[in-house]
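Chemist: There's a structure below that I have some questions on.
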Amino acid sequence: MFTPPPAALRRRLARLRARGEPLGVSELAQQLLALRTPLEPSLARRVVAVALGQPETALRDPLEPCQLRPAEEAAVAGVRLEQADFAVVDLETTGLSVERASILEIGAVRVSRLECVARFATLVRPPRAVPRRIADLTGIDAAALADAPAPGRALRAFHGWLAQASAAPFVAHNAPFDARFLGRAFADQRLAPHRGPLLCTRRLARRILPELGRYDLDHVCAHFGIANRARHRALGDAEATARVLIELLQCARGGSAVQTLGDLLDLQERPPPKRRAGRRRAGG
């Protein structure tokens, strides 16, 4: 199952990295669990090993700031943005609940060296009828699904495509939603999880474009002049998100502070800047 580190854990690690100071294993465990008193040393090592995705024997004490990353982030943190690969994904689903809904369509775009280089798209035949509101929104109805592959076949095909860039960040607009659905679907099919870190273009846009005000995909696309000719279809939205990502990367690279994937992941976890009061009143 694709299970990125909980958001609270990623934020705490980012905060601790930002201090720029070495941190002992016991203190790190205490900080991660927000405890008032330290843990017993062997338990502290176990907690830190699990949080960082490392064997206990690999842990140094103290840990340098650059070592305070989950394993999937550490593997790519030093890659420069202009050389990085990204897997940009969008899912259409039959509802919002991971437990009750299912994937209806998968669209994905691989971004490499700031260009869209490969695409994937498939419908997925759901186990139950598509709700009318979803069919009206997406245009995906029973007729469109007549020749669609079953979930196992569709997910295995996508899993193979995704594995071609196995360490690439998994990117989506409101990424936790897509990651949860895909994680559940991979687990149901007993497919190995994607190991890349999670990047959300919505979160990045809030930090890179603090004056924009609204951060749904339509508004961010409009800001960059990106046309989405297949809205609410998986590949159309994945294409638009990929183009948004490239624009955000170019904006981020405009300052010397964001040059690597590690810098970008740290930016994602920072609190978003506050909008100026004047602009807020002008925008209603």
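Chemist: Using Stokes-Einstein with the Kirkwood hydrodynamic radius over Cα pairs, what translational diffusion coefficient do you get for segment 30-189 at 10 °C and a viscosity of 1.306 mPa s, in µm²/s rounded to a whole number?
Modeler: Roughly 86 µm²/s, to the nearest whole number.
Chemist: I would also like to ask the following. Placing one identical point scatterer on every Cα of segment 55-107 and ignoring solvent, what is log10 I(q)/I(0) from the Debye formula at q = 0.32 Å⁻¹?
Modeler: -1.25
Chemist: Could I ask something else about it? Between ARG214 and ASP141, what length in nm is gained on full extension when 0.36 nm per residue of separation is reduced by their alpha carbon distance?
Modeler: 23.2 nm
Chemist: Also, I was wondering about something else. Can you give the helix-only mean residue ellipticity at 222 nm for the chain, where every DSSP H stretch with n ≥ 4 adds -39500 (n - 2.57) and the sum goes over all residues, rounded to the nearest 500 deg cm²/dmol?
Modeler: So the calculated ellipticity at 222 nm is -12500 deg cm²/dmol.
Chemist: If you wrap a convex hull around the Cα atoms of the chain, how much volume per residue is inside, in Å³? If you can, show how the numbers build up before the last one.
Modeler: Details: hull volume 44.6 nm³, N = 284.
Convex hull of Cα atoms, per residue: 157 Å³.
Chemist: Moving on. Nearest 5 percent is fine: what portion of the DSSP beta bridges confined to the chain is antiparallel?
Modeler: 80 percent
Chemist: Separate question: Is any helix in the chain, taking whole DSSP H runs, at least 27 angstrom long along its axis by alpha carbon and on average at least 0.5 on the Kyte-Doolittle scale, and which ones? Before the final figure, lay out each step's value.
Modeler: Numbers: long enough: 234-253 (28 Å, 0.57).
Length and hydropathy pass: 234-253.
Chemist: Which net charge results for the neighbourhood of LEU217, defined as the other residues with beta-carbon distances under 15 angstrom from its beta-carbon, given Lys and Arg at +1 and Asp and Glu at -1?
Modeler: Net local charge, LEU217 excluded: 0.
Chemist: Also, I was wondering about something else. Ignoring ligands, DNA and RNA, what accessible area per residue does segment 113-242 give at 1.4 Å, in Å²?
Modeler: About 49 Å² of surface per residue is accessible.
Chemist: Leaving ligands, DNA and RNA out of it, report the carbon-plus-sulfur percent of the accessible area of the chain at a 1.4 Å probe. Kindly include the intermediate steps, with their values, before the conclusion.
Modeler: Details: 7040 of 14190 Å².
Looking at the chain in its full context, I get 50 percent from C and S.
Chemist: When only Cα pairs under 8 Å and 6 or more residues apart are kept, what is the percent relative contact order across segment 1-102? Don't skip to the answer; put the middle values down first.
Modeler: Details: 81 pairs, mean separation 26.9, N = 102.
Relative contact order here is 26 percent.
Chemist: Which is the longest part of the chain that has none of the GluC sites (Glu not before Pro) sitting in a DSSP loop with at most 12 other Cβ atoms within 10 Å?
Modeler: Of all site-free stretches, the longest is 100-210.
Chemist: Restricted to Cα positions, what overall size does segment 9-63 have along the principal axes? Three whole-Å values, descending.
Modeler: Extents along the principal axes, in whole Å: 25, 25, 17.
Chemist: A further question follows. From zero outward in steps of 5 Å, how is the percent of C-alpha pairs of segment 102-181 spread across the bins?
Modeler: Final binned percentages: 3, 13, 22, 23, 19, 12, 7, 2, 0.
Chemist: Determine the distance separating the Cα centre of segment 226-262 from the Cα centre of segment 153-192; give it in Å without decimals.
Modeler: 19 Å
Chemist: Give the share of C-alpha pairs in each 5 angstrom bin for segment 148-195, from 0 to the last occupied bin, in whole percents, shortest bins first.
Modeler: 5, 21, 29, 29, 14, 2
Chemist: Read phi for every residue in segment 57-70 and hand back ³J(HN,Hα) as whole Hz from Karplus 6.51 cos²θ - 1.76 cosθ + 1.60, θ = phi - 60°, with x for Gly and Pro.
Modeler: Values, residue by residue: 5, 8, 6, 8, 9, x, 9, 6, x, 5, 8, 8, 9, x Hz.
Chemist: I would also like to ask the following. Round to a whole angstrom and tell me the spacing of the C-alpha centers of segment 21-49 and segment 73-150.
Modeler: Cα centroid to Cα centroid, the span is 38 Å.
Chemist: Right, something else. With Kirkwood's inverse mean 1/r over C-alpha pairs for Rh, give me the Rg to Rh ratio of segment 145-284, two decimals please. Intermediate values should be presented prior to the final figure.
Modeler: Working: Rg = 17.1 Å, Rh = 16.8 Å.
With Rh from the inverse mean 1/r over Cα pairs, Rg/Rh is 1.02.
Chemist: If you average the sequence gap of Cα pairs under 8 Å that are 6 or more apart and divide by the length of the chain, what percent do you get for the contact order?
Modeler: Relative contact order, the chain: 22 percent.
The values are calculated or read from the model by the stated rules, or taken from the named source; none is laboratory data. Everything numeric here is computed off the predicted structure, so don't read it as measured data. With ideal geometry, Cβ positions are generated from the backbone for all residues, glycine too; neighbour counts draw on all protein chains shown. Areas reflect the complete protein model, heavy atoms only, side chains present, ligands, DNA and RNA absent. Shrake-Rupley method; radii C 1.70, N 1.55, O 1.52, S 1.80 Å.
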